[in-house]
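Enquirer: Here it is: the structure, laid out below.
The values are calculated or read from the model by the stated rules, or taken from the named source; none is laboratory data. Keep in mind it's a predicted model, so treat the numbers as computed, not measured. Counting neighbours? That spans all protein chains shown, and the Cβs are built from the backbone with ideal geometry, glycine included. Just the protein is used for accessible areas: all its heavy atoms, side chains included, with ligands, DNA and RNA removed. Shrake-Rupley method; radii C 1.70, N 1.55, O 1.52, S 1.80 Å.
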Amino acid sequence: MAFRFEEKIKLNLKKKFLFKEWLNSQKSYKIYPDREVYSIYFDNNSFQTYLESVEGIVPRKKFRLRTYNFKNLISNKFNIEIKESLSFGRKKNSKKIEKIENLLLHGIFFKNYGICYPKIIVKYLREYYVLSNNRLTLDSNIAFKKFDFYNKSNISFKSFNSIVAEIKSDSINNINEVNKDLPFEKTRFSKYCFGIESFFNL
């Protein structure tokens, strides 16, 4: 499980064209077809992972189930992912999981966090690029929904009127090279935290 470094850029939708123009000027290119990312995020009832993220505490973790091009909970194959932020980088552990119904109904235990339950769903369209010696993803059509296994609350997805780019690399030096001429403002941003704030009074 290798460490990686990340920079995030959050832009108004009107700047998507400008951002893509810049990507072209940097001779970036797509490496995978676009696909919809669909994530179910977990937290304990104290919203510990949310609070740690907002406060910038390290080390900290986030827990999610992730799939792609979602159709339903039965036919889709999910991975369970643990993202850990450390003072010197980030790492992600991922493994396939066959049946998720029990986790969605009863939660899952994580060390130092206790039982965590599904809180929100985040989905978006992701584009995949290579930029110099870095990976870059561009997320649009971002939307959030409060998790409800039985859909009793009939809550619809809330749209997010921005795009988010992430520059990712195994080398901090490669990230720094891109930062030298980056014409867009970097930001500290979490889709999970924004989604939580959209549905919970925290």
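Enquirer: Taking amide hydrogens as modeled 1.01 Å from N in the peptide plane, which residues meet the under 5 Å criterion relative to residue 76, leaving out close sequence neighbours?
Expert: Long-range HN contacts for residue 76: 71.
Enquirer: Assuming 0.36 nm per residue, please report the length gained on full extension of the stretch residue 8 to residue 150 beyond their Cα-Cα distance.
Expert: On the way: separation 142, 0.36 × 142 = 51.12 nm, distance 3.43 nm.
Length gained between residue 8 and residue 150: 47.7 nm.
Enquirer: What list of ³J(HN,Hα) values in whole Hz, one per residue of region 126-142 in order, does the Karplus curve 6.51 cos²θ - 1.76 cosθ + 1.60 (θ = phi - 60°) give from phi, with Gly and Pro shown as x?
Expert: 10, 10, 10, 10, 10, 10, 6, 9, 10, 8, 9, 10, 10, 10, 9, 6, 6
Enquirer: May I pose another question? Suppose all protein chains stay in the model; what accessible area per residue would a 1.4 Å probe give for region 69-128, in Å²? Could you put the intermediate results ahead of the total?
Expert: Numbers: 3500 Å² over 60 residues.
I get 58 Å² per residue for region 69-128.
Enquirer: Ok, one more. If you take every residue apart from residue 76 with its C-beta less than 13 Å away from the C-beta of residue 76, what net charge results, scoring Lys and Arg +1 and Asp and Glu -1? It would help to have the intermediate numbers written out before the result.
Expert: Working: positive: 35, 66, 71, 77, 96, 99, 123; negative: 36, 98, 101.
The answer is +4.
Enquirer: Expressed in nm to one decimal, what extension gain is obtained for the pair residue 88 and residue 15 from 0.36 nm per residue of sequence separation less their Cα-Cα distance?
Expert: Extending this stretch completely gives an extra 23.2 nm.
Enquirer: Report the relative contact order of the chain, percent, no decimals, based on alpha-carbon pairs under 8 angstrom and at least 6 residues apart.
Expert: On the way: 383 pairs, mean separation 59.3, N = 202.
Relative contact order here is 29 percent.
Enquirer: If you build a Gaussian network model of the chain, linking Cα atoms that sit under 10 Å apart, which residue out of 90, 60, 188 swings the most?
Expert: 188
Enquirer: Roughly what would the spin-label model give for residue 97 and residue 199, points 7 Å off Cα along C-beta, in nm?
Expert: A separation of 1.6 nm, rounded to one decimal place.
Enquirer: Right, another one. So who's got an amide H within less than 5 Å of the one on residue 120, skipping anything under 5 residues away but keeping other chains? H placed 1.01 Å off N, in plane.
Expert: Answer set, sorted by chain and number: 41, 147.
Enquirer: Using θ = phi - 60° and the Karplus form 6.51 cos²θ - 1.76 cosθ + 1.60, what ³J(HN,Hα) does each residue of region 110-122 get, whole Hz, x for Gly and Pro?
Expert: 10, 4, 6, 10, x, 6, 10, 10, x, 10, 9, 10, 10
Enquirer: I've got another one for you. Stick to Cα atoms and the Kirkwood definition of Rh, then tell me Rg/Rh for region 1-69.
Expert: On the way: Rg = 16.5 Å, Rh = 15.8 Å.
Taking Rg over the Kirkwood Rh, I get 1.05.
Enquirer: Same structure, new question: Carbon-plus-sulfur fraction of the accessible area of the chain, 1.4 Å probe, in percent? Spell out each step's value before the answer.
Expert: Details: 5530 of 11260 Å².
Heavy-atom surface of the chain belonging to carbon and sulfur, 1.4 Å probe: 49 percent.
Enquirer: Okay, next question. Using a simple spin-label model with points 7 Å from Cα along the Cα→Cβ vector, what separation in nm is obtained for residue 79 and residue 117?
Expert: Each label point is offset 7 Å from its Cα along the Cβ direction, giving 2.8 nm.
Enquirer: Along its principal axes, what span do the Cα atoms of the chain show, with the longest given first and each in whole Å?
Expert: Result, largest extent first: 48, 33, 33 Å.
Enquirer: Placing unit charges on C-beta atoms (Lys and Arg positive, Asp and Glu negative, everything else neutral), compute the dipole magnitude of region 80-194 about its Cα centre in debye, rounded to 20. Numbers along the way, then the final one.
Expert: Details: 21 positive and 12 negative charges, 78 e Å.
In total the dipole reaches around 380 debye.
Enquirer: Can you list residues from other chains, or at least 5 along the same chain, whose modelled amide H is less than 5 Å from the amide H of residue 60?
Expert: 85
Enquirer: Further question: What percentages, rounded to whole numbers, describe P(r) for region 125-202 computed over all alpha carbon pairs with 10 Å bin width beginning at zero?
Expert: The distribution over region 125-202 is 15, 38, 27, 15, 5, given as percents.
Enquirer: Given the DSSP H assignment, sum -39500 (n - 2.57) over each helix run of at least 4 residues in the chain and divide by its residue total; what's the result at 222 nm in deg cm²/dmol, nearest 500? Write down the numbers at each step before the final one.
Expert: Details: 5 runs with 42 residues, N = 202.
Here the helix-only value at 222 nm equals -5500 deg cm²/dmol.
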